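Each remark here refers to the structure printed beneath this line.
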Amino acid sequence: NVDRRGEAIVLARRLEEVRAQQMRQAERGAQVLDWLLPHVAHRRFGKGDVIFRKGDPGRELYYIQRGTVVLEEIGVEMGPRDIFGEIGVFAPDHQRTCTARCKTDVDLFCLNSEQVKSIYYLNPQFALHVVHLVAQRLLADRTRH
């Protein structure tokens, strides 16, 4: 809906800028809750509770609403707005790679693996965020060894 080629070029550049900004936001997980909220179940855990153990089936992905969770084998602490459990959901054997224990009382939003895969397939921004997160975790694990 433009009258001149110059307007089309300006519009195309603006669309490229918007797309690049959306990709940066997706990598940071800026809109993660917006993508997940319509599908989540709420769970509450107490301090010291184990959410899952290394080797358990990876059937859910978690978003921390409140509190702190520790991935014991790698010493990673996560807090509000962090996602975890993605590797178990997407791994070929669907096994957890770490034990997740609550350092404090914790409120989580949970999605089962089928919901995660559906959102991943339908929402490229969520998919980009998950791929970025998996890559971060794998690189962090590699530097620990």
- line: The size of the Cβ-based charge dipole (Lys, Arg +1; Asp, Glu -1) of segment 82-125 about the Cα centre, to the nearest 20 debye, is 100
task: Just subtract the alpha-carbon distance of Arg43 and Ala12 from 0.36 nm times their residue separation and send over the number in nm, one decimal.
output: 6.7 nm
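Just so you know, all these numbers are worked out from the coordinates, no wet-lab data involved. Model, not experiment: these values are computed from the prediction. When we count neighbours, we look across all protein chains shown, and the Cβ atoms used for this are built from the backbone with ideal geometry, even at glycine.
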